[in-house]
Amino acid sequence: MPKNKRKPAVKSKGNKNSQHLAGVFKTLSHPVRFRIFRALTSQKLLTVDDLIKINGGSRLFVFYHLSVLCSNKVVDRKNTGRQTFYLVNTSHPGVAAVKKAFLS
């Protein structure tokens with residue numbers, strides 16, 4: 001039996017939480033996405049037009065950053081009729097921790 005044989009890494013709950021947090025930090029590393037996140041934490045529900053007023057930029061620019069936030073499950077969409085509202089996904093463990101630690 002070789003001496004250098006490694007044991008498989010044990011996945012612990014702490015490791016999983018660290019992965020969630022790292023994913024959220026990576027997603028929020030762009031200044032525009034962080035501003036969108038901050039706006040959504042303070043206003044609860046916002047439309048794309050609301051976010052354009054807050055952040056500036058074009059509709060396409062805001063949609064792109066919202067799609068990144070949504071695909072990483074940091075932000076959720078809520079469709080009501082013809083309007084789509086965006087809100088912070090507080091059920092995501094990493095998002096809840098970031099919101100509590102940095103935006104309280």
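The values are calculated or read from the model by the stated rules, or taken from the named source; none is laboratory data. No experiment lies behind these values; they were computed from the predicted model shown. Virtual Cβ from ideal backbone geometry, glycine too; neighbours counted across all protein chains shown.
Residues in the range 26-72 that are assigned to a helix (DSSP H, G or I), loosely packed, with under 12 Cβ neighbours inside 10 Å and at pLDDT below 90: SER42 only. Taking every residue in the range 55-70 that is on the phi < 0 side of the Ramachandran plot and polar (S, T, N, Q) and pairing it with any residue that is surrounded by 14 or more Cβ atoms within 10 Å (Cβ to Cβ) and part of a helix (DSSP H, G or I), at least 6 positions away or on another chain, the pairs with Cβ-Cβ distances below 8 Å are ASN55/VAL32; ASN55/ARG35; ASN55/ILE36; ASN55/ALA39; ASN55/VAL62; SER58/ILE52.
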